[in-house]
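Visitor: My questions will all concern the structure given below.
Just so you know, all these numbers are worked out from the coordinates, no wet-lab data involved. All values derive from a computational prediction rather than experimental measurement. Ideal geometry is used to build each Cβ from the backbone, glycine not excepted, and the neighbour counts take in all protein chains shown.
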Amino acid sequence: MAKIIKLHHLGIAVHDDMAARSFWEDGLGLKVDHVEDVASQKSQVIFLPVGESEVELVKPLSDDSTVAKFIVDRGPGIHHVCFQVDNITEMLKQLKEKNIRIINEIPMKEEGRLMAFIHPKSTGGVLVELYEVL
């Protein structure tokens, strides 16, 4: 049986990455670890470690990205919560058996990780990401 290992990160949709960085860095004292373009999500992610977890500032790189649509519909703010799991394929299978709506039935592969999303209609309105480190 697959299980959650930890809260991996909190994704925050931002329109203005410099203003967002100012708050998180200058206001709260967090330090940027690195910045990554995520082609599959048409976004740029700024990684700010917090203990064993991270805050990720997610900026759309295209008007047709899911993050851009989120910002148009809801404005900037918390976009998703991500849990690291020990076996994403098994976790997705378990969720489907429980009739939980999955956005990505086959995990997407990015550098060093597999990821999939659970639809907010199955979670009480929260976009949930599952993440397996390879």
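Visitor: Can you tell me what share of the DSSP beta bridges in the stretch 4-133 is antiparallel? A percent to the nearest 5 is fine. Kindly include the intermediate steps, with their values, before the conclusion.
Guide: Numbers: 31 of 41 bridges.
Rounded to the nearest five, the antiparallel share is 75 percent.
Visitor: Another one. Mind listing the phi-derived Karplus ³J(HN,Hα) values for the stretch 47-64, rounded to whole Hz, using 6.51, -1.76 and 1.60 with θ = phi - 60°, and x for any glycine or proline?
Guide: After applying 6.51 cos²θ - 1.76 cosθ + 1.60, I find 9, 10, x, 9, x, 8, 10, 9, 9, 10, 8, 10, 10, x, 9, 8, 5, 9 Hz.
Visitor: Would you mind ranking Val50, Val128 by Cβ crowding within 10 Å, fewest neighbours first? Let's see the in-between values first.
Guide: Details: Val50 13, Val128 19.
Going from least to most buried by this count: Val50, Val128.
Visitor: Tabulate in residue order the Karplus-calculated ³J(HN,Hα) for the stretch 12-25, using 6.51 cos²θ - 1.76 cosθ + 1.60 with θ = phi - 60°, rounded to whole Hz; enter x for Gly and Pro.
Guide: Each residue of the stretch 12-25 in turn: 10, 6, 10, 8, 10, 5, 5, 5, 5, 4, 4, 5, 5, 7 Hz.
Visitor: Using the alpha-carbon atoms, what tilt in degrees (0 to 90, nearest 10) does helix 88-97 show relative to the longest principal axis of the chain?
Guide: Rounded to the nearest ten degrees, it is 60.
Visitor: Once label points are set 7 Å from the Cα along Cα→Cβ at both Asn87 and Leu7, what is their separation, rounded to one decimal in nm?
Guide: So the two model labels end up 2.7 nm from each other.
Visitor: Taking θ as phi - 60°, what are the ³J(HN,Hα) couplings along the stretch 108-117 by the Karplus curve (6.51, -1.76, 1.60), each to the nearest whole Hz, with x for Gly and Pro?
Guide: 7, 10, 10, 4, x, 7, 10, 8, 8, 10
Visitor: Hey, another quick one. Lys3: which lysines have alpha carbons under 27 Å from its alpha carbon, excluding same-chain residues fewer than 8 sequence positions away?
Guide: Partners within reach: Lys93, Lys96, Lys98, Lys109, Lys121.
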